[in-house]
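I have placed the structure first, in the form of structure tokens, so that the comments after it can refer back to it.
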Amino acid sequence: MPGIRVQHPMARNVRYTIVEPHIPYGRPFDCPPPAAGGCGSTHLFKTHHLNIDGEGAVIVSTGVFDRIKRRLVLDGFVVTNEVAAPPTIVIGPGAPTWGDIPIVRSPSSTEPI
């Protein structure tokens, strides 16, 4: 499945969270701490965690991109290219992590109160 590479103008080496406030979880989800690949928050709504590299880029699946495209644009991301064969995305135990990196929360998509 192809992916879309997007680039942020300033964020580098951070875990960037984007919330889909119209998709509530059935119960609160305690996200693991940054060192374990999460952000350490309790989520009430669907939240995407994007590991932005040292160039400010991240590859997202086309499905996720379609869902969060508006938020990405509002936050200053630009599409750089389509990636025909992106690296395999692993979720959950055994997923690679970037360690205890800074968390940046999207200013355009916070969890409703």
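Would you mind stating whether ARG27 is loosely packed, with under 14 Cβ neighbours inside 10 Å and of a type outside the set (A, V, I, L, M, F, W, C)? Before you say what the answer is, go through the steps one by one.
Values: loosely packed, with under 14 Cβ neighbours inside 10 Å: yes; of a type outside the set (A, V, I, L, M, F, W, C): yes.
The answer is yes for ARG27.
Find all pairs meeting these conditions: Cβ atoms under 9 angstrom apart; at least six residues apart or on different chains; first residue within segment 87-113 and under 19 Å from LEU44 (Cβ atoms) and assigned to a loop (DSSP other than H, G, I, E, B); second residue modelled with pLDDT of 65 or more and polar (S, T, N, Q). That search, which allows pairs on different chains as well, returns SER106/THR17; SER109/THR17; SER109/THR47; GLU111/SER41; GLU111/THR47.
Failed condition for ASN81, given (1) out of contact with any Lys or Arg (no Cβ under 9 Å at 6 or more places or on another chain); (2) surrounded by fewer than 16 Cβ atoms within 10 Å (Cβ to Cβ); (3) over 19 Å from PRO102 (Cα atoms), with all others met? Only one criterion is unmet by ASN81, namely (1). If you check VAL64 against the conditions, is it of a type in the set (A, V, I, L, M) and either crowded, with 16+ Cβ neighbours inside 10 Å or over 16 Å from SER106 (Cβ atoms) (or both)? Here the answer is yes, as VAL64 does meet what is asked.
Filter segment 9-33 for residues that are touching a strand residue (DSSP E or B) at 6+ places or on another chain (Cβ under 6 Å) and touching a residue at least 24 places away in the same chain (Cβ under 8 Å) and give the result. Passing the criteria: ALA11, VAL14, ARG15, TYR16, THR17, ILE18, VAL19, GLU20, PRO21.
The values are calculated or read from the model by the stated rules, or taken from the named source; none is laboratory data. Just so we're clear, the structure is a prediction, and the values are computed from it rather than from any experiment. Note: ideal-geometry Cβ built from the backbone for every residue, glycine included; neighbour counts use all protein chains shown.
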